[in-house]
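Just below is one structure, and these are the notes that go with it.
What follows is calculated from the coordinates using simple rules that are stated; it is not laboratory data. The structure presented is a predicted model; accordingly, all values stated were derived computationally and were not measured. Cβ: placed from backbone, ideal geometry, glycine included. Neighbour counts: every protein chain shown.
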Amino acid sequence: MRTMPNYIARSSLFAPVAPRRKKMHKDTVLVSRGDAVIKFWGEQLDVAQADVWMQAMHEVSKQPLGEPVVINRAAFLKAIGSRRAITNTRGCTTVCNLWLLPCG
């Protein structure tokens, strides 16, 4: 199990929401602690995406800042407890690309 910073864990960034009930956000300020402001654009994130985010942050932390991060999709899915770790890595390609694109 991975951990996330308290200000993210106590925010509404990752919500326990059903896939068909997700909201679309556009420059929305999410509920969070008083010392943090989280603005969000796009489809609401759910708890499963929190697992992906935490694992991605773990993988990134193994490399020096600015270096490329190579991730084995099957190992990544296995690490987050996906039952489809070996048979279906296509979904992880989409999710991993979503989270691992450089910000800029």
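Between the amide H of residue 38 and those of 30, distances stay under 5 Å, these residues lying 5 or more places away or on another chain, with hydrogens modeled in the peptide plane. Taking 0.36 nm per residue of separation and subtracting the Cα-Cα distance, full extension of the segment from residue 67 to residue 12 would add 16.7 nm. Put simply, the amide H of residue 46, placed in the peptide plane, has neighbours under 5 Å in 15, leaving out anything fewer than 5 places away on its chain. Label sites at residue 48 and residue 26, each approximated as a point 7 angstrom past Cα along Cα to Cβ, lie 2.7 nm apart. Applied to the stretch 43-53, the Karplus parametrisation 6.51 cos²θ - 1.76 cosθ + 1.60 on θ = phi - 60° returns per-residue 3J(HN,Hα) values of 5, 3, 8, 10, 5, 5, 5, 5, 4, 5, 4 Hz, with x for Gly and Pro. The alpha-carbon of residue 78 sits under 15 angstrom from the alpha-carbons of these aspartates and glutamates, leaving out residues fewer than 8 places away in its chain: 51, 59.
When the P(r) of the stretch 1-53 is calculated, the portion above 12 Å amounts to 64% of the C-alpha pairs.
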